[in-house]
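Read through the structure below, which is laid out as structure tokens, and then see the notes.
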Amino acid sequence: MASNLGWVFDGFEAYALILTASVALHQLLPPRQYSQIPAYAGAVIATTLCGWAIGGMSGGILADYIGRKRTMIYAILTYSIMTGLSAFSWNWTSFAVLRFLAGLAIGSEWVTGTSMTAEFWPDCARGKGSGLFQCGFGIGFFLASLLWLFIGASGPGAWRTMYLIGVLPALLTLWIRRAIPESTLWEKANEQRRAANQRKRRGYAAMADDRALTRFSFLDLFASPTIRKRTTIAFLMATASAVGFWGISTWVPPYIGSVAASVGLSSTQWASFTGLTYNAGAIAGYVSLGFLADAFGRRPVTLAYFACSLLATPLLFLWTHELHLLVMVSAIVGFFGSGQLTWLSTWLPELYPTRMRATALGFIFNAPRLIAAGGTLMAGRLIVRFGGYGNAAMIVATIYLLGLAVGPFLPETRGKSLPEAT
């Protein structure tokens, strides 16, 4: 519950950006640049993802060395402050900088929550725990959509209100985090690392286990052939997930909002309706992947979600045209396009030992955000160039083919204990 709530508020803040970016930029840009707002919105989202990537990788390393719980508290405090300050942006550059700083902490939050969930749940049900944790992101998206439905029409400062609201629950979560214990698996690994470092300082001959424990955790990702192969494959799969999610789901509400505007309806209202429906599907998709992965295995379920994410994209952007049907189809895109992210919290922790687990999660989950940032930036420019969303979404969706190509080479881990040594 604690990990889920932290991820809920991260999701709220991330989706608040998606919902409010265009509205905010209408205030933060001069009128002559309004036609370029999709490109500027892509740039702000890309900047946020860069912060997410850098913060997540750094947070993963910190979580392996100073603990899951302490890193979690630092992350919550940081994104609370930066979200509140975003409400006081005075131009698009200041807005982008503050979202970058908030992204630094959001990436760290996922790493610590995933590590602790994996290390607390039993082997036979770890997928279920991961799905219940991961769905917090969709719940946060849903809450942001629901609030925007009421706040969005309140006036030109509505987007600032969204960021001010985002401060309060995050600060409440700080108290919740302080009430939960540290991971016992991490405490054991940390004691082993300290003992190995003491032996090294005293000049004892280093055994293989000691060399692994005293090696910098990031370098450990590439030290052995087995771990290096897993890291490479998982990174490519995570890249497909990140680019697909951020390069497509980001544009679902504004796309359907634009369809509504073309027939004289409120684009803001219909974008909010879409956000609610999309994220209801996403929540179901997050939870379902974890439960299905426990029942049928990590590999087949993950690959099935990738394939369905690819197929759902043209269903929404090219083959469906009636407004009400578009809103319903957005739930299907949410179920698979967002739900596929659960493989990262379900499968990844089972591939790495405790001493480097958070570092691995931080790198594999967050480094692809740098690529995904380019994907959102490219998508924004493609929308401007092609004058619409459909072709841009289909170009970005081809990234799922990468995940389908490399996924079969990761080992199946369903029901197995977390590894403690390479």
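The values are calculated or read from the model by the stated rules, or taken from the named source; none is laboratory data. None of the values given here were measured: they were computed from a predicted structure. Glycine also receives a Cβ, built like all others from the backbone with ideal geometry; neighbour counts cover every protein chain displayed. In case anyone asks, the SASA skips ligands and DNA or RNA and just uses the protein heavy atoms, side chains included. Shrake-Rupley method; radii C 1.70, N 1.55, O 1.52, S 1.80 Å.
Just the protein heavy atoms count here, and of the accessible area of segment 285-367 at 1.4 Å, carbon and sulfur take up 81 percent. Put a plus charge on the Cβ of each Lys and Arg, a minus charge on the Cβ of each Asp and Glu, and nothing anywhere else: the dipole of segment 48-140 about its Cα centre is then about 80 debye.
Taking a Cβ cut-off of under 13 Å around Phe222, the surrounding Lys, Arg, Asp and Glu residues balance to a net charge of +3, with basic ones at +1 and acidic ones at -1. Projected onto their three principal axes, the Cα atoms of segment 134-192 cover extents of 57, 20, 16 Å, largest first. Peptides 198-204, 183-189, ordered by how many other C-beta atoms sit within 10 Å of their residues on average, highest first, read 183-189, 198-204. Taking Trp270, Trp175 and ordering them by how much accessible surface each has at a 1.4 Å probe, largest first, produces Trp175, Trp270. Would you mind pulling out the separation of the Cα centroids of segment 94-126 and segment 1-78, in Å? Here the answer is 11 Å between Cα centres. Full extension of the segment from Thr93 to Thr398, taken as 0.36 nm per residue of separation minus the current Cα-Cα distance, would add 106.7 nm.
By how many degrees, between 0 and 90 and to the nearest 10, does the Cα long axis of helix 323-333 differ from the longest principal axis of the chain? The two axes meet at around 10 degrees. For Val97, the solvent-accessible surface with a 1.4 Å probe is about 80 Å², rounded to the nearest 10. What segment 120-272 shows is 47 Å² of accessible area per residue, with the surface traced by a 1.4 Å probe over protein heavy atoms. A simple spin-label model places pseudo-atoms 7 Å from Cα toward Cβ; at Ala405 and Met207 they are separated by 4.3 nm. Here segment 1-138 exposes an accessible surface that is 71 percent carbon and sulfur, computed with a 1.4 Å probe and the other protein chains kept in place. Only Lys, Arg, Asp and Glu carry charge here, each on its Cβ (+1 for the first two, -1 for the last two); on that basis the chain has a dipole of about 1100 debye about its Cα centre.
For Val167, Val8, the ranking by accessible surface with the largest value first comes to Val167, Val8, using a 1.4 Å probe.
Between Arg199 and Tyr65, the modelled label-to-label distance comes to 2.2 nm, taking each label 7 Å out from Cα in the direction of the beta carbon. Of the residues Thr250, Ala208, Tyr286, the one whose Cα sits farthest toward the positive end of the charge dipole of segment 176-300, with +1 on the Cβ of Lys and Arg and -1 on the Cβ of Asp and Glu, is Ala208. Computed from Cα atoms, the angle from the helix 252-262 axis to the main principal axis of the chain rounds to 0 degrees. The string of couplings for segment 126-141 from the Karplus curve (6.51, -1.76, 1.60, θ = phi - 60°) is 4, x, 4, x, 5, x, 5, 5, 5, 5, x, 4, x, 4, x, 4 Hz, one whole number per residue in order, with x for Gly and Pro. Extension gain for Val263 to Phe222 (0.36 nm times residue separation, less C-alpha to C-alpha distance): 9.3 nm. These residues, Leu219, Leu326, go from largest to smallest accessible area, 1.4 Å probe, as Leu219, Leu326.
A helix-only calculation puts the chain at -26000 deg cm²/dmol for mean residue ellipticity at 222 nm, using -39500 (n - 2.57) for each DSSP H run of at least four residues, averaged over all residues. Stretch Leu315-Tyr34 to full length: gain in nm at 0.36 nm per residue minus the Cα-Cα span? Contour length minus the Cα-Cα distance gives 98.2 nm. The simple spin-label model puts a point 7 Å past each Cα toward its Cβ; for Cys124 and Ala304 those points are separated by 2.2 nm. The angle separating the long axis of helix 92-120 from the principal Cα axis of greatest extent in the chain is about 40 degrees. Accessible surface for Glu182 stands near 30 Å², nearest 10, in the context of the full protein assembly shown (1.4 Å probe).
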